[in-house]
Amino acid sequence: MGETEKRIETHGIRCLSKMKMFLLAITCAYVSKTLSGSYMNSMLTQIERQFNIPTSLVGFINGSFEIGNLLLIIFVSYFGTKLHRPIMIGTGCVVMGLGCFLKSLPHFLMNRYEYESTVSVSGNLSSGSFLCMENGTQILRPTQDPSECTKEVKSLMWVYVLVGNIVRGMGETPIMPLGISYIEDFAKSENSPLYIGFVETGTIIGPLIGLLLASFCANVYVDTGSVNTDDLTITPTDTRWVGAWWFGFLICAGVNVLTAIPFFFLPKTLPKEGQEVNADIIKNENEEKQREEFKKEKNGITKDFLPFMKSLSCNPIYMLFILVSVIQFNAFVNMISFMPKYLEQQYGKSSSDAIFLMGVYNLPPICIGYIVGGLIMKKFKITVKQAAHIGCWLSLLDYLLYFLSFLMTCENSSVVGINTSYEGIQQDFYVGNNIFVNCNADCNCPTKMWDPVCGNNGLSYLSACLAGCETSIGAGINMVFQNCSCIQTSGNSSAVLGLCDKGPDCYMMLQYFLILSATSSFIYSLAAIPGYMVLLRCIKSEEKSLSVGLHTFCTRVFAGIPAPIYFGVLMDSTCLHWGTLKCGESGACRIYDSATFRYIYLGLPAALRGSSFIPALIILILLRKCHLPGENASSGTELIETKVKGKENECKDIYQKSTILNDDELKTKL
């Protein structure tokens, strides 16, 4: 008897350790998948400049992740629970690693990055040909040499990034639905929220690491080690700068593969945590597994799929919740994906600084909001109706605060020949026909080349040549241009490389914007847990896995894929000056109309979020109309199945079969 007890105790400890091992492994998987996702979103601007492609195409590349994900999400959500879940999750991590590696390949297959400049070619300074020289010739004019034009096909290398992102999306598919269902199946019901909360911390740690990695890589020149960075005439704040985007993808690939290893050593099933483990139970479990396998072979694995889909489709609260999620995801996908670009264009920050500020100001409040929201739900035993009201009204508060961001603005960068006249007068339309004036009419300057300089009069010019500069001193980024005839000052006119700074007032506006962003992130994350509770509590327990998968599928199809594309098209429409390739073709956008860009970036999400409150209010009305018997302040989230009469019958099919009983109260009732 003593040996039997010892064997049982050893078996229980082994099962408990395997559950802890799975929790650690799935948390690491969450870290790795969110690390890869946040890094990809942060590198969109670098990819746009590297391949000289418009923002709309970058949006399509970003949305391709959702394409890969939706190809498998329904299959995995339903059939995955009937297969070996840990092995499927491990395989998904390996596939994610492969996708990240594919995205880094173009760097090794392409030549070195060459940015447009009137100052240098391949890092070698030209001897004065970039200055204003009467009847002179300028370097890097668009060429008609067929051999050089053929080389521009290298820009099609972005297809590797597209395919790699699709593959990464396919690999990420099994992690969330199968990981959560594995915990739900084998953990105690009272421990399950704690375990899931522990796992969800990975969704905060991963993006934080990803943003820090992206900030570092964006500050390192893309071809560092291959070129002498001292010869560069651009800095990280320049819109032609490309960071070492490829390096971070290699790190993400390695992390994803490493996190896959533990899953291949975990069992397909575990005894339910907390059950008394004895020989009879072990024997009964084995017999039950055999009966289940026989039943699957007899009835088929898909017999419940269509009935479950029909049940979910006829659940009005669930379908309205999906509608709310789709509308709001359209807004937030755009805001998150293009926030670094907004900070660059609106406040004049470098990509590296924009990514770093985005992570520091937004992720900690989100983490705190999740924790506080969960504690409130547990402390006050919030019901489903109360959770719906909390989520709705907190979201409304965040929405109203959001409008303050329209006041935190900076003026357009004053670039002579684009949005400003040579007299320093701002203009709301493109003045490209007025690039040449008396001071530079005889300089023979290139008109499409983007190589801006900042004059000591506070205005920026397309190039030193168009500023009428005749001499220069220094080399590289420290070069200073002198005797600039178009720069009207009382003393000696001069200019330096790069756009002029936006000034201290703009810096203060940036601080206000970041503080508002942090506050909004906290409020919205505070509403996330109550909202998620409404999703899970309005469906039957056996439909949870499929319902979460269907919810994810809809948000990806109707938000994750199209949102970055149409948002990118709208952003491209605000471009004031496009980069120029060797053959005269347009490259990436160099400067946007800040005012129009702001109205699109802030206004479109505001319109989308506003419309989402219509179905949200309908959900509140439906919940109010459905008087749930047995639900009171002390009953927490339980929905007790009872007979209902009158108007309550309308809600019977929705809630009656979704009975969830607290374990302690269940024991009391029995």
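The values are calculated or read from the model by the stated rules, or taken from the named source; none is laboratory data. Worth saying up front: this structure is predicted, and the values here are computed from it rather than measured. When we count neighbours, we look across all protein chains shown, and the Cβ atoms used for this are built from the backbone with ideal geometry, even at glycine. What goes into the accessible areas is simple: the full protein's heavy atoms, side chains included, and nothing from ligands, DNA or RNA. Shrake-Rupley method; radii C 1.70, N 1.55, O 1.52, S 1.80 Å.
What number of residues within region 552-591 satisfy the criterion of being surrounded by fewer than 21 Cβ atoms within 10 Å (Cβ to Cβ), in contact with a strand residue (DSSP E or B) (Cβ under 9 Å, 6 or more places away or on another chain) and part of a helix (DSSP H, G or I)? Selection size over region 552-591: 1. Just give me the residues in region 186-234 being modelled with pLDDT under 90 and among the polar types (S, T, N, Q), in sequence order. If the condition is that a residue be modelled with pLDDT under 90 and among the polar types (S, T, N, Q), then SER189, ASN191, SER192, THR201, THR203, THR224, SER226, ASN228, THR229, THR233 are the ones that fit.
Look at region 16-36: where a residue is in contact (Cβ under 8 Å) with a residue 12 or more places away in the chain and a partner is acidic (Asp, Glu) and open to solvent by 10 Å² or more (accessible area, probe 1.4 Å), sitting 6+ places away or on another chain with Cβ atoms under 7 Å, you get MET19/GLU273; LYS33/GLU172.
Among the residues of region 389-431, the one identified as open to solvent by 30 Å² or more (accessible area, probe 1.4 Å), at pLDDT below 85 and not in a loop (DSSP other than H, G, I, E, B) is GLN426. Within region 604-623, being closer than 16 Å to SER405 by Cα and open to solvent by less than 20 Å² (accessible area, probe 1.4 Å) holds for PRO605, ALA606, ARG609. Listed here are the helices (runs of 4 or more DSSP H) enclosed by region 299-353 that have at least 2 residues being closer than 22 Å to TYR524 by Cβ, within 16 Å of the chain's Cα centre (by Cα) and modelled with pLDDT under 90: 316-337.
A Cβ distance below 7 Å, combined with a sequence gap of six or more or placement on separate chains, defines the contacts here; from region 527-543, residues that are at pLDDT 75 or above reach residues that are of a type in the set (D, E, K, R) in the pairs LYS540/LYS657. Of the numbered criteria (1) surrounded by fewer than 20 Cβ atoms within 10 Å (Cβ to Cβ); (2) modelled with pLDDT under 50, the one GLU134 fails is (2).
All of (1) open to solvent by less than 50 Å² (accessible area, probe 1.4 Å); (2) touching a Phe, Trp or Tyr at 6+ places or on another chain (Cβ under 8 Å) hold for ILE515 with one exception: (1). Screening SER192 on (1) open to solvent by less than 40 Å² (accessible area, probe 1.4 Å); (2) in contact with a Lys or Arg (Cβ under 9 Å, 6 or more places away or on another chain) shows it passes everything except condition (2).
If you go through region 348-371 and keep only what is over 28 Å from PHE597 (Cα atoms) and open to solvent by 50 Å² or more (accessible area, probe 1.4 Å), you end up with ILE368, TYR370, ILE371. Return yes when ILE204 is surrounded by fewer than 22 Cβ atoms within 10 Å (Cβ to Cβ) and under 17 Å from the mean Cα position of the chain (by Cα) and no when it is not. Judged against the criteria, ILE204 is a match. Only a single item in (1) open to solvent by less than 10 Å² (accessible area, probe 1.4 Å); (2) within 30 Å of THR91 (Cβ to Cβ); (3) at pLDDT below 90 is not met by ASN256, and it is number (3).
Tell me yes or no: at least one residue of region 475-496 is more than 21 Å from TYR115 (Cα to Cα), touching a helix residue (DSSP H, G or I) at 6+ places or on another chain (Cβ under 8 Å), in a helix (DSSP H, G or I) and touching a residue at least 12 places away in the same chain (Cβ under 8 Å). Even if it seems obvious, please write down each step before you answer.
Restricting attention to region 475-496, the residues satisfying the condition of being more than 21 Å from TYR115 (Cα to Cα) are 482-494.
Retained after the next criterion (residues that are touching a helix residue (DSSP H, G or I) at 6+ places or on another chain (Cβ under 8 Å)): none.
Within region 475-496 (the criterion being more than 21 Å from TYR115 (Cα to Cα), touching a helix residue (DSSP H, G or I) at 6+ places or on another chain (Cβ under 8 Å), in a helix (DSSP H, G or I) and touching a residue at least 12 places away in the same chain (Cβ under 8 Å)), the answer is no, since none of the residues qualifies.
Selection of region 65-77 for residues being buried (at least 22 other Cβ atoms within 10 Å of the Cβ) and of a type outside the set (Phe, Trp, Tyr) yields GLU66, GLY68, ASN69, ILE73, VAL76, SER77. The residues listed here are ASN434, ASN457, ASN478, ASN483; of these, the one that is modelled with pLDDT of 85 or more, under 19 Å from ASN419 (Cβ atoms) and surrounded by fewer than 23 Cβ atoms within 10 Å (Cβ to Cβ) is ASN457. Determine whether SER594 is surrounded by 18 or more Cβ atoms within 10 Å (Cβ to Cβ), small (Gly, Ala, Ser), touching a residue at least 24 places away in the same chain (Cβ under 8 Å) and not assigned by the TED database to the domain that holds ILE204. In short, yes.
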